[in-house]
1. Just for helices (runs of 4 or more DSSP H) wholly inside region 1-84: which have at least 2 residues that are closer than 20 Å to residue 143 by Cα and either of a type in the set (Lys, Arg) or without any contact (Cβ under 8 Å) to a residue 40 or more places away in the chain (or both)?
2. Regarding residue 29, is this residue over 18 Å from the mean Cα position of the chain (by Cα), buried (at least 20 other Cβ atoms within 10 Å of the Cβ), at pLDDT 95 or above and not aliphatic (A, V, I, L, M)?
3. Please enumerate the residues belonging to region 138-153 that are surrounded by fewer than 22 Cβ atoms within 10 Å (Cβ to Cβ) and not β-branched (Val, Ile, Thr).
4. Of the numbered conditions (1) open to solvent by 20 Å² or more (accessible area, probe 1.4 Å); (2) under 17 Å from residue 210 (Cβ atoms), residue 94 fails exactly one; give the number of that condition.
5. With respect to residue 169, is the statement that it is closer than 24 Å to residue 33 by Cα, out of contact with any strand residue (DSSP E or B) (no Cβ under 8 Å at 6 or more places or on another chain), modelled with pLDDT under 95 and part of a helix (DSSP H, G or I) true?
6. Output yes when any residue across region 99-106 is out of contact with any Ser or Thr (no Cβ under 8 Å at 6 or more places or on another chain), among the polar types (S, T, N, Q), modelled with pLDDT of 95 or more and open to solvent by less than 60 Å² (accessible area, probe 1.4 Å), and no when none is.
7. Does region 68-80 contain at least one residue that is open to solvent by less than 60 Å² (accessible area, probe 1.4 Å), of a type in the set (S, T, N, Q) and modelled with pLDDT of 95 or more?
Amino acid sequence: KGIEQGTCLFIHDMIKKQIKTKYIGAISGPSFAVDLVAGVPVGLAVASKSKRTLNIIREAFVNDHFKLIPTNDIIGIEVCGAVKNIIAIASGMIDGMGYPISTQALLITHSLHDIKAIIHALGGSKKTILSFAGFGDILLTCTSEKSRNYSFGKLIGSNASREEIEEYKNNITVEGLYTLKSIHKLINNKKIDIPTINIIYDIVFKEEKIDKLIEYLMI
């Protein structure tokens, strides 16, 4: 999941540039690798324009603890899978600042509308925000310290030193950082108005005050 740096292409677009095929699928949803290994019940979304591809993927993966709901909205699924990592960073910031989950819920609810707007602007289906890949994955990633993006945001919110933050970035893969750069570039190039993304970008990369995020959410 994610967006290629520089080109701002999603994964399925990158594949289509290299391989002439319609048999492309994307899986995304609320699951941590450790939970999949443990075999606990999880539900994800699988997207493809090809019914054959959907059937093959579902036949390969679905079992008594792994559920897949099909959709043809690859764009929506990929947007959700990528952007939720950015929101998880912001949710971690809010936790690090000492605010309770009620304030995180404010951010998460706001972000659902923002992600829906991005999906729609890029040609996807707005209803995908309510799928496992949308609300489900946002709920998981934005409320759990198992998420590396969340933990990174919490460091920023708790006023950790620059050295601590840099050490975390150097030793842990924070997917949301790369996605934030690409999505920020993409929405500005396409003139999609998503202030939340711009504010998170300014806090992370321009070291603006985190209070700016809370102030915006309360407008």
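The values are calculated or read from the model by the stated rules, or taken from the named source; none is laboratory data. The model shown is predicted, which means the values in this text are computed figures rather than measured ones. Please note: Cβ atoms are built from the backbone with ideal geometry, for glycine as well, and neighbour counts cover all protein chains shown. Ligands, DNA and RNA are stripped out before the accessible areas are found, and what is left, the full protein with its side chains, is counted by its heavy atoms. Shrake-Rupley method; radii C 1.70, N 1.55, O 1.52, S 1.80 Å.
1. 33-38
2. Numbers: over 18 Å from the mean Cα position of the chain (by Cα): no; buried (at least 20 other Cβ atoms within 10 Å of the Cβ): yes; at pLDDT 95 or above: yes; not aliphatic (A, V, I, L, M): yes.
No: the conditions fail for residue 29.
3. Keep residues of region 138-153 that are surrounded by fewer than 22 Cβ atoms within 10 Å (Cβ to Cβ), which gives 139-140, 143-146, 148, 151.
Result: 139, 140, 144, 145, 146, 148, 151.
4. Every listed condition holds for residue 94 apart from (1).
5. yes
6. Scanning region 99-106, I find at least one residue that is out of contact with any Ser or Thr (no Cβ under 8 Å at 6 or more places or on another chain), among the polar types (S, T, N, Q), modelled with pLDDT of 95 or more and open to solvent by less than 60 Å² (accessible area, probe 1.4 Å), so the answer is yes.
7. Looking through region 68-80, at least one residue is open to solvent by less than 60 Å² (accessible area, probe 1.4 Å), of a type in the set (S, T, N, Q) and modelled with pLDDT of 95 or more.
Here is a yes/no grid of residues against (1) in contact with a Ser or Thr (Cβ under 9 Å, 6 or more places away or on another chain); (2) assigned to a helix (DSSP H, G or I); (3) closer than 15 Å to residue 87 by Cβ:
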site	(1), (2), (3)
177	no, yes, yes
180	no, yes, yes
184	no, yes, yes
193	no, no, no
200	no, yes, yes
203	no, yes, yes
208	no, no, no
213	yes, yes, yes
